[in-house]
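The values are calculated or read from the model by the stated rules, or taken from the named source; none is laboratory data. Quick caveat: nothing in here was measured; it's all calculated off a predicted structure. Neighbour counts run over all protein chains shown; Cβ positions are idealised from the backbone, glycine included.
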Amino acid sequence: MTTLRADTRFVNASILKLPPPESYDVAILALFVRVSDRKGNVDVPAEQAALADQIYKTGKPVITVGFGSPYLIERFPQAETWLAAFGISDVAQIAAARALFGQIPVRGKLPVTIPGVNLKAGFGIELPVNPMTVQPMDMRGEAQLRPAYDVIEKAIAEKAFPGATLAVGYRGKVAIHAFGKLSYDAKAAAIAPETMYDIASLTKVVATTTLVAKLAEGDFAVPLDLDAKIERYLPEWASGPNAEWRHQVTVRHLLTHTSGLPPFKEYWRTSKNKQDTLTKIFAEPLDYEPGTKEVYSDLGIILMSEIIEHLTGKTLDDLAKNCIFSPLGMQDTMYRPPKTLWPQIAPTEIDNNLRHRLVQGEVHDENAFAIGGVSGHAGLFSTAPDLAAFCQMLLNGGVYAHQRILRRATIAQFTTAQQLSNGTRTLGWAVPTEGGSSGHYFPAHSFGHTGFTGTSIWIDPDRQLFVVLLTNRVHPTRENTKIQQVRPALHDAVMQALGFVTAAAPAK
């Protein structure tokens with residue numbers, strides 16, 4: 001969004017350079033005139049009128065706000081959206097801004113008749129407050145999703161996982177439904193919509209990628225350059241093997257999983273803390289020349305989180321809480337949940353390698369556990385309602401409940417497929433691929449991610465649609481891989497239920 005203020009008191013419109021139309025989605029044009037008593041016309045300076053005409057001719061949506069006199073609209077009949085404030089005071093300007101963004105309702109009426117545009121006294125359009133939050137889907141919408149619910153219930157019957165929570169958001173409405181139990185124990189508690197799950201690698205996109213995006217925007221004192229060599233931020237990296245290749249690795253390589261790092265290493269077998277793990281990654285030989293192929297790597301995202309902490313001087317969990325979760329009202333999303341919450345968290349695996357007990361309320365990923373439970377690649381716990389708010393924030397262009405987390409342009413930048421990964425990855429996110437977890441019908445412009453414990457997010461910005469699936473499919477063992485068939489079947493069922501495809505439509 002671009003706001004252009006043409007003020008007859010302060011701005012020489014003839015020297016105001018307009019941004020290129022492709023750089024914004026909508027312009028807000030604020031026009032100011034002083035109200036003069038007993039005068040029959042409104043004097044708009046030629047420079048101001050010319051500027052307005054240029055903006056209207058761009059072809060982009062324009063919201064025109066007239067301050068000072070309702071008669072301003074006579075001069076600009078081409079204005080399709082008009083908000084009038086009958087004064088130029090700070091109070092009037094603040095009220096107009098709040099109305100534009102839905103924080104207060106619009107319900108004023110014209111006090112006079114404006115003959116030039118055939119508007120009579122008393123005319124007005126009433127608009128309610130826009131909370132900019134996701135709202136519950138009505139019963140009809142819930143019923144429409146029955147085929148998707150059937151997929152989950154069938155999966156539970158076939159022991160793909162003991163329980164699940166599903167959130168389907170469409171055009172600002174969400175249906176959240178719980179299925180099954182916390183475990184296969186006959187006495188286990190039923191899953192609730194607010195049940196917490198270890199979301200595993202969804203941590204990479206919900207926390208790490210979002211914080212990287214904020215750093216790239218310049219939200220912190222030291223901005224992040226996506227194309228900078230990572231040795232600028234982590235000098236220890238340069239001293240490792242494959243020196244020629246290591247000097248090539250950039251932040252963009254880490255985010256697109258094209259750094260040359262191997263996908264996974266069992267550092268937890270000897271690492272005692274985060275520094276132990278980082279030292280091992282710094283000494284890890286690269287498997288291939290950076291940028292030549294895409295190999296999904298936890299190690300690169302562990303480094304990414306270290307860069308975040310290095311640039312901000314703050315811990316990853318504090319940053320995520322203060323910059324993402326608290327503004328979005330995600331009260332049940334956190335690293336290292338307190339023991340008081342453990343009984344209501346879906347248990348994961350019976351760990352026979354590291355902890356030799358059932359894991360519940362502690363991070364499932366062994367490397368994240370060895371690091372201390374807070375890492376860029378895993379460690380977050382969350383709920384379907386919280387993740388629904390996060391997804392809706394992305395669909396809203398970075399705003400939720402009138403809290404801006406990211407700019408719209410940043411979201412577009414970070415969710416566009418990157419050539420480095422041959423189009424399979426964005427900056428942090430994945431895109432639909434043949435035979436992938438998104439099924440057959442999520443379009444190429446969609447983006448998503450999965451988590452090892454049985455979680456996933458898929459978002460279709462064109463349809464204003466998201467699907468959040470939370471399960472504990474690794475309970476009691478990770479050897480259960482039936483989730484691989486459930487995910488695409490679920491997403492296909494959602495698309496069919498919402499009428500985007502027919503049951504007989506050919507797969508893409």
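Please report, ordered by residue number, the helices (runs of 4 or more DSSP H) entirely within the range 243-350 with at least 3 residues that are without any contact (Cβ under 8 Å) to a residue 24 or more places away in the chain.
Working: elements: 243-246, 251-255, 274-282, 298-312, 316-320.
Qualifying helices (runs of 4 or more DSSP H): 274-282.
Looking at (1) within 27 Å of the chain's Cα centre (by Cα); (2) part of a loop (DSSP other than H, G, I, E, B); (3) of a type outside the set (Ser, Thr, Tyr); (4) more than 20 Å from Val399 (Cα to Cα), which one does Val151 not meet, given that it meets all the others?
(2)
Among the residues of the range 90-108, are any in a loop (DSSP other than H, G, I, E, B), charged (D, E, K, R), over 30 Å from the mean Cα position of the chain (by Cα) and surrounded by fewer than 12 Cβ atoms within 10 Å (Cβ to Cβ)?
Kept after step one, since they are in a loop (DSSP other than H, G, I, E, B), are these residues of the range 90-108: 101-105, 107-108.
With the extra rule that they be charged (D, E, K, R), the set shrinks to 107.
If we keep only those that are over 30 Å from the mean Cα position of the chain (by Cα) as well, we get 107.
Restricting the remaining residues to those that are surrounded by fewer than 12 Cβ atoms within 10 Å (Cβ to Cβ) gives 107.
The answer is yes; a qualifying residue exists.
Taking Ala200, is it without any contact (Cβ under 8 Å) to a residue 60 or more places away in the chain and of a type in the set (A, V, I, L, M, F, W, C)? So that I can check it myself, show each step before the final result.
Values: without any contact (Cβ under 8 Å) to a residue 60 or more places away in the chain: no; of a type in the set (A, V, I, L, M, F, W, C): yes.
No; evaluated as a whole, the condition is false for this residue.
In the set Thr502, Thr455, Thr471, which member is among the hydroxyl-bearing types (Ser, Thr, Tyr) and farther than 26 Å from Asp386 by Cβ? Outline the logic, then answer.
Working: Thr455 fails: farther than 26 Å from Asp386 by Cβ; Thr471 fails: farther than 26 Å from Asp386 by Cβ.
On inspection, the qualifying residue turns out to be Thr502.
Only one of these conditions is not met by Gly454: (1) in contact with a Lys or Arg (Cβ under 9 Å, 6 or more places away or on another chain); (2) surrounded by fewer than 24 Cβ atoms within 10 Å (Cβ to Cβ); (3) not acidic (Asp, Glu). Which number is it?
Only one criterion in (1) in contact with a Lys or Arg (Cβ under 9 Å, 6 or more places away or on another chain); (2) surrounded by fewer than 24 Cβ atoms within 10 Å (Cβ to Cβ); (3) not acidic (Asp, Glu) is unmet by Gly454, namely (2).
Report whether or not Ser446 is in contact (Cβ under 8 Å) with a residue 40 or more places away in the chain and closer than 28 Å to His253 by Cβ. If you could, list the steps in order and put the result at the bottom.
Details: in contact (Cβ under 8 Å) with a residue 40 or more places away in the chain: no; closer than 28 Å to His253 by Cβ: yes.
Against the criterion (in contact (Cβ under 8 Å) with a residue 40 or more places away in the chain and closer than 28 Å to His253 by Cβ), Ser446 does not qualify.
Hey, among the residues in the range 351-361 that are among the hydrophobic types (A, V, I, L, M, F, W, C) and assigned to a loop (DSSP other than H, G, I, E, B), which one's farthest from His475 (Cα to Cα)?
Our first condition is that a residue be among the hydrophobic types (A, V, I, L, M, F, W, C); within the range 351-361, this holds for 354, 358-359.
Retained after the next criterion (residues that are assigned to a loop (DSSP other than H, G, I, E, B)): 354, 359.
On the way: Leu354: 16, Val359: 9 Å.
In this case the residue turns out to be Leu354.
Every residue in the range 266-287 that is hydroxyl-bearing (Ser, Thr, Tyr) and within 31 Å of the chain's Cα centre (by Cα), please.
Just the residues of the range 266-287 that are hydroxyl-bearing (Ser, Thr, Tyr), to begin with: 267, 270-271, 277, 279.
Listed by number, the residues that qualify are Tyr267, Thr277.
Quick one: in the range 114-134, of everything that is of a type in the set (S, T, N, Q) and surrounded by 12 or more Cβ atoms within 10 Å (Cβ to Cβ), which residue is farthest from the chain's Cα centre (by Cα)? Don't jump to the end; show me each part of the working.
Applying the first criterion (of a type in the set (S, T, N, Q)) to the range 114-134 yields 118, 130, 133.
Then drop every residue that is not surrounded by 12 or more Cβ atoms within 10 Å (Cβ to Cβ), which leaves 130, 133.
Values: Asn130: 19, Thr133: 13 Å.
The selected residue is Asn130.
Looking at the range 296-311, can you tell me whether even one residue there is under 22 Å from Ala228 (Cβ atoms), surrounded by fewer than 20 Cβ atoms within 10 Å (Cβ to Cβ) and among the aromatic types (Phe, Trp, Tyr)?
Checked the range 296-311: no residue is under 22 Å from Ala228 (Cβ atoms), surrounded by fewer than 20 Cβ atoms within 10 Å (Cβ to Cβ) and among the aromatic types (Phe, Trp, Tyr).
Here are Leu211, Leu226: which of them is touching a Cys at 6+ places or on another chain (Cβ under 9 Å), outside the structural domain of Phe466 (by TED's automatic domain parsing), farther than 15 Å from Gly454 by Cα and not charged (D, E, K, R)?
Numbers: Leu226 fails: touching a Cys at 6+ places or on another chain (Cβ under 9 Å).
Going through Leu211, Leu226 in turn, just one is touching a Cys at 6+ places or on another chain (Cβ under 9 Å), outside the structural domain of Phe466 (by TED's automatic domain parsing), farther than 15 Å from Gly454 by Cα and not charged (D, E, K, R): Leu211.
Can you find a residue in the range 213-222 that is assigned to a loop (DSSP other than H, G, I, E, B) and among the aromatic types (Phe, Trp, Tyr)? If you could, list the steps in order and put the result at the bottom.
Of all residues in the range 213-222, those assigned to a loop (DSSP other than H, G, I, E, B) come to 218-222.
Within this subset, residues satisfying the condition of being among the aromatic types (Phe, Trp, Tyr) are 220.
Scanning the range 213-222, I find at least one residue that is assigned to a loop (DSSP other than H, G, I, E, B) and among the aromatic types (Phe, Trp, Tyr), so the answer is yes.
Among the residues in the range 188-204, are any in contact with a Leu (Cβ under 9 Å, 6 or more places away or on another chain), in a strand (DSSP E or B) and surrounded by fewer than 17 Cβ atoms within 10 Å (Cβ to Cβ)? Before the answer, list the steps.
First, pick out the residues of the range 188-204 that are in contact with a Leu (Cβ under 9 Å, 6 or more places away or on another chain): 188-191, 195-200, 202-203.
Next, from what is left, pick out any that are in a strand (DSSP E or B): 190, 196-198.
Those left that are additionally surrounded by fewer than 17 Cβ atoms within 10 Å (Cβ to Cβ): 190.
The answer is yes; a qualifying residue exists.
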